[in-house]
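Structure first, then comments.
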Amino acid sequence: MTPMRLLAVVLLVACAARAEAKIALANSNVPTATVVTELKNHCKETVIVLDQKAADALVEVQVTDEPRHRGQTQLTVYKGGAAVFSTRTTKAGNAVKDMCKFLGTLK
C-alpha cells in the first residue's frame, strides 16, 4: 500500500470513529437538561434530537421508585424497536457514561 493510500485509509477511519451518535429521549422522567449535562461530561459525539426518526437510538431514562431500587437511574437503549442495552446505577451520570461506552462515544 502506498503512503498516500495508507493516509487516506487512516483519515477515513478517523472520520468514521468521530461520527456523531444521535439519540432521542422517550418515556423519561429525568429532565433533558440533566441528560445533556451528563452527555457533555461523558460523551464525545452524542447529541439529543427531537425527531425520533432522525435518531440512531431511542433512550429511556427513569429514576425508579421500586422499593429495592428506589432512587436509582435505569437507562435503556432501543434500536429498531428492540431493547439492546440497559443499565441501572445510583447516579444518572454513571448510567449515561455506560450508555456512551455502549454507543462507542465515550470520552
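The values are calculated or read from the model by the stated rules, or taken from the named source; none is laboratory data. Note that the structure is a prediction, hence the values are computed from the model and not measured. Backbone-built Cβ (ideal geometry, glycine too); neighbour counts: all protein chains shown. Only protein heavy atoms, including side chains, enter the accessible area calculation; ligands, DNA and RNA are left aside. Shrake-Rupley method; radii C 1.70, N 1.55, O 1.52, S 1.80 Å.
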note = Counted residues in segment 50-107 being hydrophobic (A, V, I, L, M, F, W, C) and assigned to a helix (DSSP H, G or I) come to 8
remark   = With the first residue restricted to segment 35-56 and required to be buried (at least 20 other Cβ atoms within 10 Å of the Cβ), and the second required to be among the charged types (D, E, K, R) and part of a helix (DSSP H, G or I), Cβ contacts under 7 Å at 6 or more apart or on different chains are HIS42/LYS97
ask   = Under 8 Å by Cβ, and 6 or more places apart or on different chains, what pairs join a residue from segment 21-33 that is under 9 Å from ALA55 (Cα atoms) with one that is of a type in the set (Gly, Ala, Ser) and surrounded by fewer than 17 Cβ atoms within 10 Å (Cβ to Cβ)?
value = ALA21/GLY104; LYS22/ALA54; ALA24/ALA54
request  = Tell me which residues, restricted to segment 47-77, are in contact with a Ser or Thr (Cβ under 7 Å, 6 or more places away or on another chain) and over 20 Å from ARG88 (Cα atoms).
outcome  = ILE48
query = Is there a residue being among the polar types (S, T, N, Q), open to solvent by 70 Å² or more (accessible area, probe 1.4 Å) and in contact (Cβ under 8 Å) with a residue 24 or more places away in the chain anywhere in segment 79-88?
reply = no
